Amino acid sequence: MSKLKADHVFTSESVSEGHPDKVCDQVSDAILDACLSKDAASRVACETAVTTNFMANIGEITCRGWDEVDPEAVARGVIRDIGYDRKELKFCCDDFEYATRTTPSLMPAPIHYSHTLLERLQEVRKSGEIDYLRPDAKIQVSVLHEEGIPKRITSVVVSHQTDDLPLEKICTGLVEVSKDLLSPTGLIDNDTALFPARTPQRWTGPLPTMPGMRPRISLPQGWLRNVRFRWPMPLAWQAP
C-alpha cells in the first residue's frame, strides 16, 4: 500500500517468463539449482545476458560437482521450456551461437582459428618479420565437425593486402605462417587446402574472372553460402 496521503495513481508492472529480464533470471537460477544439486555448499555468482540470437553466462562458480554440470544444456533447456523454440523468434534454444570447451577461447573452432591466425599475421607485419604485408586482411577457416566436435580443418582462405611483389614470394610467406600456427592443432592434414590471395585492395566492385572459388564457410552468425572468385588456386602443403 502506498504511504502517500494525497490521492494519486500508483503503477506496477509484471513481466512474463519470455521477457529478457525474466529469461536471464530463470537461466541463472537454473544454473544455481544445478550446482546445488551436485554440491549443497556451492558458491554461485552467475549473471546472464541476452540479446537477439545470443546469450552469455558471466560470473564465478565454486562447485565440487561442476564437471557434472552442463551450463549450456541447462540454459538451452530453460529457453526451450519458455517457448523460444523457433528461429523466426530471433531467439531460439537451438541457435548456432554458443561458447564451447573445444578451444581455449571458448569460441567455435572456425572463428577461433581465424582470429588466432589473423593475430599472428598482425604480429609478423608489425614486427617487420614479413615486411611486405599491409594492414588490410581477412581470413576464413572451414572446419569439419563430427558429432559437434572439430575433427579437421578442410580449408583456409588468407586474403592479405601486400606490397607489389612476386606472387610466389607472397604466397610462400602466408603458407609458412599458416602452417606454423595451425600444425600444432592436429587438425590439418594433406587434404587441407590453403587459398592465399594476393591483395584485397577493395572488398566491393566487380569480381575478378580468375579460377578458384571461396568455399562455403562457417561463421559465428550461422551458415553462410558465399561464392566468390579467388586467386590463386590452392597451394598444397605436406602436413607433419
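The values are calculated or read from the model by the stated rules, or taken from the named source; none is laboratory data. Please read all numbers here as calculations on a predicted model, not as lab measurements. Cβ: placed from backbone, ideal geometry, glycine included. Neighbour counts: every protein chain shown. SASA here: full protein model, heavy atoms, side chains in, ligands and nucleic acids out. Shrake-Rupley method; radii C 1.70, N 1.55, O 1.52, S 1.80 Å.
Some observations on this one:
- In this structure, Thr52 does satisfy being open to solvent by 20 Å² or more (accessible area, probe 1.4 Å), touching a Lys or Arg at 6+ places or on another chain (Cβ under 8 Å) and polar (S, T, N, Q).
- Summed over the stretch 59-85, the residues that are in contact with a helix residue (DSSP H, G or I) (Cβ under 6 Å, 6 or more places away or on another chain), open to solvent by less than 60 Å² (accessible area, probe 1.4 Å) and in a helix (DSSP H, G or I) give a count of 4.
- The condition of being small (Gly, Ala, Ser), outside any helix (DSSP H, G or I), exposed (fewer than 14 other Cβ atoms within 10 Å of the Cβ) and modelled with pLDDT under 90 holds for Ala6.
- Count of the stretch 89-124 residues which are open to solvent by less than 60 Å² (accessible area, probe 1.4 Å) and in contact with a Leu (Cβ under 8 Å, 6 or more places away or on another chain): 9
- Condition check for Leu194: modelled with pLDDT of 90 or more and touching a Ser or Thr at 6+ places or on another chain (Cβ under 9 Å): no
- Test: Glu17 is farther than 17 Å from Leu106 by Cβ, modelled with pLDDT of 90 or more and not small (Gly, Ala, Ser): yes
- Residue in the stretch 206-229 that is modelled with pLDDT under 85, out of contact with any strand residue (DSSP E or B) (no Cβ under 8 Å at 6 or more places or on another chain), part of a loop (DSSP other than H, G, I, E, B) and more than 23 Å from His112 (Cβ to Cβ) present: yes
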